[in-house]
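Written below as structure tokens is the structure these notes are about.
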Amino acid sequence: MKHRILQIALDTPLDFCFDYRWSASAESAEPPLPGQLVVVPFGRREAVGVVIAVETQSEVPANKLKDVLALRAQLPPLSPQWLALCRFAADYYQRPLGEVAIPGLPKNLRAIKTVSLDRALKKIAKDAAMHDPAPRAMPPLNAAQQQAADAIAAAQGFAPMLLYGVTGSGKTEVYLQAAAQILARAEADGTAAQVLILVPEINLTPQLENNIRTRFPGVELATLHSGLAEGERLAQWLSVHLGRARIILGTRLAILASLPHLKLIIIDEEHDPSYKQQEGLRYSARDLAVWRAHQLAIPIVLGSATPSLESWQHAQSGRYRKLELRERAVRDAVLPRVRLINMERDKPAEGLTSTLVTALKQRLDRGEQSLLFLNRRGYSPVIACDACGWISNCTRCTAFMVLHKPEQRLRCHHCGCEQRIPRSCPTCGNVDLQPLGRGTQRVEEGLQQVFPQARIMRIDADSTRRKGSAQAAFDAVHRGEIDILIGTQMVAKGHDFRNLTLVGVLNPDTALFSHDYRASERLFAQLMQVAGRAGRAAQKEGGNPSEVWIQTRYPQHPLYAAVMAHDYDSFALGLLEERQHAGLPPFIYQALLRAESKELQTALDFLQEASRAIAYPAITINDPIPMSLTRVANVERAQLLVESASRPALQAFLREWMVALRGMKARVKWSLEVDPVDI
Ligand code: ADP
Ligand code: ZN
Ligand code: ZN
């Protein structure tokens, strides 16, 4: 009887692998391989783990070793490259290996109850007959697009590329034709190839998915995102893991999938904040993608009209190759004219200045579509009592309760608690409570009064709660059933609305004075993106140019001047200079330790102690401070920022620091974030 010791990663907060004994049985004479899934006893329960290594000896005494209960033999092992990715992410983000490797697997594979993979496999086979829209040929690329696509397809080894193309320059077409070349070459060589395309949002996948299917008839496509039902998720994941899917379209979580034949990675809208996971393993899908491309020695394309400063800096320094698309792809389509409305002079009524109302009216008369952008959902961010000064604070958070008028509720967007709108002031009984400020619901209401005949639609997280409703809403816009679209950042990204000739930006000023140093980078990107929704069709001879109107109280602000000039280059240059002077990323590296407790002082005390836990050269440890949103759901939160000009130095420090922190008796819940984006 053969025995082996298996080192197994389990999804627990303990930062090591666990040894288990494997004994040959009739079922499988050979010991499992690294990358296979096993079921083991863990405490009083059973758990699914990944085999990391197979050894002959263990430091655990033989009488303490437990036996592996079952091997998931039906599933081919996860590759050594995938295990290396998990190990890298675990080291870099300072998390246990099991917490990286296991939660990314489909739930059905992590469940103790065995699922039949046959059913999932049958489903994959059935699906591959099912979708087959009429194939469409690839349109001929323009010269700049062709150059970019050829450069990507010809790249050898690790080749990071920034596809810097204005909105509407046809970046998608470049991705697809480069992918087509790489897949065709692999087919000719008789080798397997997979192309991973990452997009920021689920609601952008159906459009692109359909586009891909018509371009690649007969090629298996898998989609990976958090909106899939579990059975579907397993089927999609398996088709990728088994190497059947050639093109994989996914959101950030797809970067952690097993992609055994990966030959090209594409990240669309690479600047988008949603590539950063903001809970649990707080990873950057973009950064992991670059690591993966390096590991596999393959090309990676980062596409954007407004690249992140990190990627832009790499392109400037020559580390990334820059591919440029300066013009819109549709012939005679031009970037919209961007202008400012000074709200001090043209005072808004119902949130709309007279200039904007006139522009909207013109579009309605001409049968063209308009889009209004306001990054604040709900009716009003707060309600107040004029008589006594009461305001709708959330009792559990340092935040206001937001008025949601259609639902007749007050809701806290931070802890989720809600209540009916009070009939009268809870303090003085005054029945005349006033909404202060304006969200998308209130603008929608105002628009209906100003333009009673117009077909108006609101798209935000509230209006699209039901599954599929976002897609239905966007479809209605594409079919021309909507005259005026009002929405949050959901409407700003990616969409190729052909009949849209006016974009109005209602209230962008708040971001100008944010304490968050990334706020201006984000605002600029948002404005360029939302402006990019206009003017995507050919401008008719003698026709009117499409327009973007930005309502502001600060028309002199240099950020707006850059937006008006569509001048990302100078804006990025200025921001990078500022960041260098101020010692901010991408010129330094940061990590953030967060602590949560019922008492703020307890959290601060823990961080104070943590800041003294170890001494280390070349590391700046700042003072602990309360987080700007200090209390959420009755929990007080504080943070400690650690910085270094050297990434390796920071990594070395974090490794030792984590050991020290894990040894501390903490009366708080704490977590570490590496490369934080919200500080
Ligand atoms: P981006 O992602 O750069 O904003 P898109 O990929 O959405 O731009 O392309 C904008 C529009 O241009 C799309 O409607 C697309 O079909 C069209 N397009 C792209 N390439 C070409 C081309 N070579 N000729 C004609 N139209 C094109
Ligand atoms: Zn009152
Ligand atoms: Zn709250």
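The values are calculated or read from the model by the stated rules, or taken from the named source; none is laboratory data. Please read all numbers here as calculations on a predicted model, not as lab measurements. Using ideal geometry, Cβ is built from the backbone for each residue, glycine included, and neighbour counts are taken over all protein chains shown. The protein model used for the area step is the full one, side chains on, heavy atoms only, and it has no ligands, DNA or RNA in it. Shrake-Rupley method; radii C 1.70, N 1.55, O 1.52, S 1.80 Å.
Of all the residues in the stretch 374-406, those that are away from ligand 3 (no atom under 16 Å from the Cβ) and under 24 Å from Pro508 (Cα atoms) number 7.
For Ala461, the conditions (1) touching a Ser or Thr at 6+ places or on another chain (Cβ under 9 Å); (2) closer than 19 Å to Phe373 by Cα; (3) touching a residue at least 40 places away in the same chain (Cβ under 8 Å); (4) outside any loop (DSSP other than H, G, I, E, B) all hold with the exception of (4). Among the residues of the stretch 468-522, those that are more than 18 Å from the chain's Cα centre (by Cα), of a type outside the set (S, T, N, Q) and part of a helix (DSSP H, G or I) comprise Ala472, Ala473, Phe474, Asp475, Ala476, Val477, His478, Asp509, Ala511, Leu512, Phe513.
Take the residues in the stretch 612-628 that are open to solvent by 40 Å² or more (accessible area, probe 1.4 Å) and assigned to a strand (DSSP E or B); name whichever of them is nearest to ligand 1 (Cβ to nearest atom). The qualifying residue nearest to ligand 1 (Cβ to nearest atom) is Ser628.
Matching residues to (1) basic (Lys, Arg); (2) open to solvent by 30 Å² or more (accessible area, probe 1.4 Å); (3) within 16 Å of ligand 3 (Cβ to nearest atom):
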site	(1), (2), (3)
Leu500	no, no, no
Leu506	no, no, no
His515	no, yes, no
Met528	no, no, no
Arg536	yes, no, no
Glu541	no, yes, no
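Among the residues of the stretch 287-301, are any hydrophobic (A, V, I, L, M, F, W, C), farther than 21 Å from His225 by Cβ and not in a helix (DSSP H, G or I)? Scanning the stretch 287-301 turns up at least one residue that is hydrophobic (A, V, I, L, M, F, W, C), farther than 21 Å from His225 by Cβ and not in a helix (DSSP H, G or I). Per the listing Val357, Val382, Val330, the residue uniquely within 16 Å of ligand 1 (Cβ to nearest atom) and among the aliphatic types (A, V, I, L, M) is Val330. Say we look at the stretch 58-114 and pick out the residues that are small (Gly, Ala, Ser) and in a helix (DSSP H, G or I); which of these is most open to solvent (accessible area, probe 1.4 Å)? If we take residues in the stretch 58-114 being small (Gly, Ala, Ser) and in a helix (DSSP H, G or I), then Ala62 is most open to solvent (accessible area, probe 1.4 Å).
Residue by residue, here is whether (1) over 16 Å from Gly487 (Cβ atoms); (2) in contact with a Phe, Trp or Tyr (Cβ under 8 Å, 6 or more places away or on another chain); (3) crowded, with 16+ Cβ neighbours inside 10 Å; (4) of a type in the set (Lys, Arg) holds:
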{"residue": "Thr355", "(1), (2), (3), (4)": "yes, yes, yes, no"}
{"residue": "Leu364", "(1), (2), (3), (4)": "yes, yes, yes, no"}
{"residue": "Gly367", "(1), (2), (3), (4)": "yes, no, no, no"}
{"residue": "Ser370", "(1), (2), (3), (4)": "no, no, yes, no"}
{"residue": "Gly378", "(1), (2), (3), (4)": "no, no, yes, no"}
{"residue": "Val382", "(1), (2), (3), (4)": "yes, yes, yes, no"}
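Checked against the criterion of being within 16 Å of ligand 1 (Cβ to nearest atom), among the small types (Gly, Ala, Ser) and either touching a residue at least 60 places away in the same chain (Cβ under 8 Å) or at negative phi (or both), the candidates Ser308, Ser304 yield just one match: Ser304. Taking the stretch 423-439 as the search range and keeping residues that are part of a loop (DSSP other than H, G, I, E, B) and crowded, with 17+ Cβ neighbours inside 10 Å, which one is nearest to ligand 2 (Cβ to nearest atom)? Among those that are part of a loop (DSSP other than H, G, I, E, B) and crowded, with 17+ Cβ neighbours inside 10 Å, it is Cys425. Restricting the stretch 574-631 to residues that are within 23 Å of Cys415 (Cβ to Cβ) and of a type in the set (Lys, Arg), the residue that is nearest to the chain's Cα centre (by Cα) is Arg594.
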